[in-house]
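Have a look at the structure below, then the notes.
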Amino acid sequence: MPRSVKGPAPDVAAGIARLEGYLLAQGRLSEARREAEEFADRMPWLTTAQREDVVSHYVQDRIALTRRVLAALVARAGELRQEYTERYEELRRRLVCGSVAALLCSAALCAAALLAR
């Protein structure tokens, strides 16, 4: 029996998401390494070992900063999702109550009009 074409299977989607995350992380790592190299280039008096040490520390600091920023973004996204879900539920409740009230008023007016005949 053929599958309906709605999108990739959950395991495929998860694999694609992991691959995308890996590629993004590698891009950030390359960017941090490039910036570290540029930073170390401004200190020509460093020995080769010192230069490698400065580059390594710079990259580690950048990775740590990126992780903290991403963790904060994930936390904020969760907070916003919760907040918007609560707002949506409240608006939905109001809409349903308003619709039921309007329907009841319409029914009452129709009944009153029929009884007045």
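The values are calculated or read from the model by the stated rules, or taken from the named source; none is laboratory data. Since the model is a prediction, treat every value here as computed from it, not as a measurement. When we count neighbours, we look across all protein chains shown, and the Cβ atoms used for this are built from the backbone with ideal geometry, even at glycine.
For segment 31-47, enumerate the residues that are aromatic (F, W, Y) and surrounded by 11 or more Cβ atoms within 10 Å (Cβ to Cβ). So that I can check it myself, show each step before the final result.
Within segment 31-47, the subset aromatic (F, W, Y) is 39, 45.
Residue satisfying the conditions is F39 alone.
Quick check on my filter: what residues within segment 68-117 are hydroxyl-bearing (S, T, Y) and either loosely packed, with under 10 Cβ neighbours inside 10 Å or closer than 30 Å to A25 by Cβ (or both)? Lay out the reasoning, then the answer.
Kept after step one, since they are hydroxyl-bearing (S, T, Y), are these residues of segment 68-117: 84-85, 88, 99, 106.
Result: Y84, T85.
With the requirement that a residue be modelled with pLDDT of 95 or more and among the charged types (D, E, K, R), what does segment 78-117 give you?
E79, R81, E83, E86, R87, E89, E90, R92, R93, R94
Please give the number of the condition I63 fails out of (1) surrounded by 10 or more Cβ atoms within 10 Å (Cβ to Cβ); (2) assigned to a helix (DSSP H, G or I); (3) out of contact with any Leu (no Cβ under 9 Å at 6 or more places or on another chain).
Only one criterion is unmet by I63, namely (3).
Output yes when any residue across segment 16-35 is aromatic (F, W, Y) and in contact with a helix residue (DSSP H, G or I) (Cβ under 8 Å, 6 or more places away or on another chain), and no when none is.
Taking segment 16-35 as the starting set, the residues that turn out to be aromatic (F, W, Y) are 22.
Now narrow it down to the ones that are in contact with a helix residue (DSSP H, G or I) (Cβ under 8 Å, 6 or more places away or on another chain): none.
Checked segment 16-35: no residue is aromatic (F, W, Y) and in contact with a helix residue (DSSP H, G or I) (Cβ under 8 Å, 6 or more places away or on another chain).
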